[in-house]
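> Please see the structure below; I have some questions.
The values are calculated or read from the model by the stated rules, or taken from the named source; none is laboratory data. Treat the numbers as computed from the prediction; the structure is a model and nothing was measured. Using ideal geometry, Cβ is built from the backbone for each residue, glycine included, and neighbour counts are taken over all protein chains shown. Just the protein is used for accessible areas: all its heavy atoms, side chains included, with ligands, DNA and RNA removed. Shrake-Rupley method; radii C 1.70, N 1.55, O 1.52, S 1.80 Å.
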Amino acid sequence: MSLEIKNLVKTFDGRKILNNISLKVENGQTLGVVGFSGSGKSTLLKIISGILYEDSGEIIYPNNSEIAMAFQYSALFDFLNVYDNIAFPLVERKEFRGKYSKEEISKMVAEKLKLVGLEGIEEKFPSELSGGMQKRVGFARAIVTNPNIILYDEPTAGLDPVTSTMIEDYIVHLKKELNAACIVVTHQLSTIKRAVDNVIMLYQGNIVFQGSVQDLLYGSNEYAKQFVSASIQGPMNIATK
Ligand SMILES: Nc1ncnc2c1ncn2[C@@H]1O[C@H](COP(=O)(O)OP(=O)(O)O)[C@@H](O)[C@H]1O
Ligand SMILES: [Mg+2]
């Protein structure tokens, strides 16, 4: 099973943000998406998750697809404790309402907390947690519905290197546990090296690089070289970003 996108086009105010984008992510694989700010990375995730409509193109989801989106900010509700934050989708989303008993929900919440290495913190409030812990609780909430597609928008942005490593390892761990097709938008090479299988790079609406992490790091694509060396010189013009 896989998530496949064919010839996706999205225009904002007459500007083509995504111009004929095609890609495929197998279950159990993670695709990294890189590119300048404003290159359409978040837009791509929003279209896949159904927050935005595409202008044209096709998105072919795996059977019984359930999509999770983990945002740059953990986006936890500060007035709810960890338990209520994680249980939120099961309690509030229309398709899950009444589906599970209280005991079942409590078991699912505990299971997901264990998956992100935070057993037993149900009663804590977000303000009592470190940034890395908040992010992991955000992951637990995103995956409480057992998604087979997981989308991460800059999951390690603004985190210290050690916490980033921990988050990267959880991205790999969750992918394996749920056998999900994952997409990670990131600017961080560490995240690409540690948590990603294949990479696409977006520039001016187009995919200018598509390949393995090895190809990105050591191949001859000029866009990849510029990205990896964080160079001002190269085919991508910062002024047009
Ligand atoms: N809802 C919207 N309406 C109009 N323009 C938008 C909207 N969302 C994003 N854009 C524009 O589309 C471009 C791509 O945005 P985005 O996908 O957020 O980029 P990225 O995540 O790569 O930084 C930007 O120029 C942004 O201003
Ligand atoms: Mg973005």
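> Does region 196-229 hold any residues that are surrounded by 16 or more Cβ atoms within 10 Å (Cβ to Cβ) and either of a type in the set (D, E, K, R) or at positive phi (or both), and which are they?
Asp197, Gln204, Gly205, Lys225
> Related question: Would a scan of region 141-153 turn up a residue that is in contact (Cβ under 8 Å) with a residue 60 or more places away in the chain, open to solvent by less than 80 Å² (accessible area, probe 1.4 Å), touching an Asp or Glu at 6+ places or on another chain (Cβ under 9 Å) and not in a loop (DSSP other than H, G, I, E, B)?
For region 141-153, residues in contact (Cβ under 8 Å) with a residue 60 or more places away in the chain, open to solvent by less than 80 Å² (accessible area, probe 1.4 Å), touching an Asp or Glu at 6+ places or on another chain (Cβ under 9 Å) and not in a loop (DSSP other than H, G, I, E, B): present.
Quick grid of which residues meet (1) more than 12 Å from ligand 1 (Cβ to nearest atom); (2) assigned by TED's automatic domain parsing to the domain that holds Phe209; (3) closer than 24 Å to Asn179 by Cα:
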{"residue": "Leu23", "(1), (2), (3)": "yes, yes, yes"}
{"residue": "Asn27", "(1), (2), (3)": "yes, yes, yes"}
{"residue": "Thr30", "(1), (2), (3)": "yes, yes, yes"}
{"residue": "Val33", "(1), (2), (3)": "no, yes, yes"}
{"residue": "Ser37", "(1), (2), (3)": "no, yes, no"}
{"residue": "Thr43", "(1), (2), (3)": "no, yes, no"}
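> Look at Val116 and say whether it is under 11 Å from Asn85 (Cα atoms) and open to solvent by less than 10 Å² (accessible area, probe 1.4 Å). Quick ask: steps written out before the conclusion?
On the way: under 11 Å from Asn85 (Cα atoms): no; open to solvent by less than 10 Å² (accessible area, probe 1.4 Å): yes.
Criteria not met by Val116.
> Let me ask something else about it. Having 3 or more residues that are buried (at least 16 other Cβ atoms within 10 Å of the Cβ) is the bar; report the strands (runs of 3 or more DSSP E) wholly within region 1-94 that clear it.
2-12, 15-26, 30-34, 67-70
> Within the set of pairs 6+ apart or on separate chains, which have a first residue in region 167-188 that is surrounded by fewer than 20 Cβ atoms within 10 Å (Cβ to Cβ), a second that is at pLDDT 95 or above and among the charged types (D, E, K, R), and C-beta atoms under 9 Å apart?
So the pair list comes out as Asp169/Arg194; Val172/Arg194.
> For residues in region 154-166 being open to solvent by less than 20 Å² (accessible area, probe 1.4 Å) and under 12 Å from the mean Cα position of the chain (by Cα), which is farthest from ligand 1 (Cβ to nearest atom)?
Of everything passing the filter in region 154-166, Thr156 is farthest from ligand 1 (Cβ to nearest atom).
> For the condition within 16 Å of ligand 1 (Cβ to nearest atom), more than 21 Å from Glu66 (Cβ to Cβ) and of a type in the set (Val, Ile, Thr), what is the one hit in Val213, Val199, Val185, Val228?
Val199
> Can you tell me which residue within region 230-241, out of those that are open to solvent by 20 Å² or more (accessible area, probe 1.4 Å) and aliphatic (A, V, I, L, M), is nearest to Gln188 (Cα to Cα)?
Selected residue: Ala230.
> Evaluate the following for Val137: is it outside any loop (DSSP other than H, G, I, E, B), surrounded by 17 or more Cβ atoms within 10 Å (Cβ to Cβ) and more than 16 Å from ligand 2 (Cβ to nearest atom)?
So Val137 passes the test.
> Only one of Pro89, Pro126 is out of contact with any Leu (no Cβ under 9 Å at 6 or more places or on another chain), in contact (Cβ under 8 Å) with a residue 12 or more places away in the chain and not assigned by TED's automatic domain parsing to the domain that holds Asp215; which?
When all the criteria are applied, what remains is Pro89.
> Quick one: Val109 ticks every box in (1) open to solvent by less than 30 Å² (accessible area, probe 1.4 Å); (2) at pLDDT 95 or above; (3) part of a strand (DSSP E or B) bar one, so which box is it?
Status for Val109: all satisfied but (3).
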